[in-house]
Amino acid sequence: MNETALNLRDIHLPEAISWWPLAPGWWILLATTIIIALFTYIAIKIYRNRQLLRDITAELDQIKLQFENSNDRSQLAKSLSVLLRRANITYNPKTNVAGLTGENWLAWLDRTSNKTAANSRFQSDTGKVLLSAPYLPDDATLDFNAEELIQLCETWLLTSHRKQAGMTP
């Protein structure tokens with residue numbers, strides 16, 4: 001055969017397929033990956049928030065059980081004061097709540113409580129026990145309504161964390 005007689009040209013390959021724009025399947029895969037990542041992030045955040053509440057509830061139950069067994073009001077007030085402080089620092093990490101002391105600390109607890117502002121229960125005589133209890137000797141005797149203090153602290157611990165964080169002390 002004579003090549004010149006057939007007058008053939010070389011084979012030209014098509015241009016390489018570009019990676020952009022992506023095919024619809026890749027867009028679906030990308031959207032699915034983003035949705036799964038977002039769902040996982042939200043689920044982990046919810047789990048951690050509930051874990052904190054579970055930990056606080058367990059410690060509060062332990063404090064109440066210790067009080068039922070020993071009937072030691074001084075130890076009860078100390079334990080509740082420490083638990084309130086730790087929970088507050090955890091719930092409000094961006095505020096300067098760790099530095100609050102005295103009446104300012106009780107006012108902060110009342111402000112962040114789900115009760116009305118007129119009901120300053122932490123600033124009452126029962127709540128003021130929380131100020132002095134951690135600094136008293138172990139054998140000190142305190143006279144206060146233990147059930148009222150437990151209820152006051154329990155109400156704050158189990159409901160106030162749901163309030164919006166970021167309040168300034």
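The values are calculated or read from the model by the stated rules, or taken from the named source; none is laboratory data. What you see is a predicted model; the values in this text were computed from it and never measured. Please note: Cβ atoms are built from the backbone with ideal geometry, for glycine as well, and neighbour counts cover all protein chains shown.
Screening the candidates 59, 148, 154 for the property of being in contact (Cβ under 8 Å) with a residue 40 or more places away in the chain, surrounded by fewer than 19 Cβ atoms within 10 Å (Cβ to Cβ) and touching a helix residue (DSSP H, G or I) at 6+ places or on another chain (Cβ under 9 Å) yields one hit, 154.
Name the single residue that is nearest to residue 146 (Cα to Cα) among those in region 9-61 being assigned to a helix (DSSP H, G or I) and polar (S, T, N, Q). Applying the filter and picking the extreme gives 57.
Checked against the criterion of being among the small types (Gly, Ala, Ser), over 29 Å from residue 49 (Cβ atoms) and in contact (Cβ under 8 Å) with a residue 60 or more places away in the chain, region 93-104 contains not a single residue that satisfies it.
Here residue 159 does not fit the description of being loosely packed, with under 15 Cβ neighbours inside 10 Å, of a type outside the set (D, E, K, R) and at pLDDT 85 or above. Checked against (1) surrounded by 15 or more Cβ atoms within 10 Å (Cβ to Cβ); (2) acidic (Asp, Glu); (3) at pLDDT below 85, residue 138 passes all but condition (1).
Contact annotation: no residue pair with Cβ atoms under 6 Å, 6 or more positions apart or on different chains, pairs a residue in region 37-52 that is over 24 Å from residue 84 (Cβ atoms) with a partner that is loosely packed, with under 10 Cβ neighbours inside 10 Å and at pLDDT below 95. Where residues in region 91-121 are surrounded by fewer than 13 Cβ atoms within 10 Å (Cβ to Cβ) and β-branched (Val, Ile, Thr), which of them is modelled with the lowest pLDDT? Per the criteria, the residue is 116.
When the test is whether a residue is exposed (fewer than 14 other Cβ atoms within 10 Å of the Cβ) and at pLDDT 85 or above, residue 164 does not pass it.
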